[in-house]
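A quick write-up on the structure given underneath.
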Amino acid sequence: MRDAKKEIVTALITSISAKLPTRDIFTIVPKPINDSGAAAPLNYILISDIYQQDESPKNSLIYSYDVLVQVVYNNVTSKITFWSDISSVVSIISSRRDLVLTNDFQCQEIGLLSNSEEEIWTDTGRKNIGVVRFKVDVKDHG
């Protein structure tokens, strides 16, 4: 059994970058001030969690993953662009062609599990987070 997490994350970064070229994409929450002294972007995409689910028979070469992508906006004044970014992430899931895997892995099935939005207040202001959760089944041809 091989792990396709790296391939899924790489494909997501490529797909999201194509749809939202001005958005920074992270796999860990960015520091408010990075090591070079620059401030973190106010709005970004976070591929925060990816879990492999063991649902298939042991001799099967199809693996299931549960993926969480967050669209993060700080101190938003209008939700129109925020909602548009969420829709762009969801559109990747609805079009299986946009998720191209490498290293002998192929996207078999992809489906939206949930799409929600939350607003939290921090000491630096309001943070809006769009949460997109989906399941992807990956076939291993290796």
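Couple of notes before you dig in:
- Long-range neighbours under 7 Å by Cβ, at least six apart or interchain, first residue of a type outside the set (Val, Ile, Thr) within the range 1-28, second open to solvent by 80 Å² or more (accessible area, probe 1.4 Å): Glu7/Asn103; Ala11/Val100
- Just so you know, in the range 10-27 the residues that are within 20 Å of Asn103 (Cβ to Cβ) and either at pLDDT below 90 or not aliphatic (A, V, I, L, M) (or both) include one that is most open to solvent (accessible area, probe 1.4 Å), and it is Thr14.
- Considering residues of the range 28-43 that are of a type in the set (S, T, N, Q) and assigned to a loop (DSSP other than H, G, I, E, B) only, the residue least open to solvent (accessible area, probe 1.4 Å): Asn34
- Single residue of Ile8, Ile13, Ile25 found to be in a strand (DSSP E or B) and within 22 Å of Phe105 (Cβ to Cβ): Ile25
- Of all residues assigned to the range 127-139, none qualifies as being more than 21 Å from Leu20 (Cα to Cα), touching an Asp or Glu at 6+ places or on another chain (Cβ under 8 Å) and assigned to a loop (DSSP other than H, G, I, E, B).
- Extreme residue, farthest from Ile62 (Cα to Cα), among residues of the range 29-47 that are modelled with pLDDT under 90 and among the β-branched types (Val, Ile, Thr): Ile33
This table checks each residue for (1) part of a helix (DSSP H, G or I); (2) farther than 17 Å from Tyr51 by Cα.
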site	(1), (2)
Phe82	yes, yes
Ser88	yes, yes
Val100	no, yes
Glu109	no, no
Leu112	no, no
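- Residue list for the range 108-142, restricted to those being touching a residue at least 60 places away in the same chain (Cβ under 8 Å), over 15 Å from Ile47 (Cα atoms) and open to solvent by less than 60 Å² (accessible area, probe 1.4 Å): Asp137, Val138, Asp140
- Of all residue pairs spaced 6 or more apart or on separate chains, those with beta-carbon atoms under 6 Å, a first member in the range 60-82 that is at pLDDT below 90 and a second member that is aliphatic (A, V, I, L, M) and open to solvent by 40 Å² or more (accessible area, probe 1.4 Å) are Asn74/Leu42.
The values are calculated or read from the model by the stated rules, or taken from the named source; none is laboratory data. Computed from a predicted model, the values in this text were never measured in an experiment. Using ideal geometry, Cβ is built from the backbone for each residue, glycine included, and neighbour counts are taken over all protein chains shown. Only protein heavy atoms, including side chains, enter the accessible area calculation; ligands, DNA and RNA are left aside. Shrake-Rupley method; radii C 1.70, N 1.55, O 1.52, S 1.80 Å.
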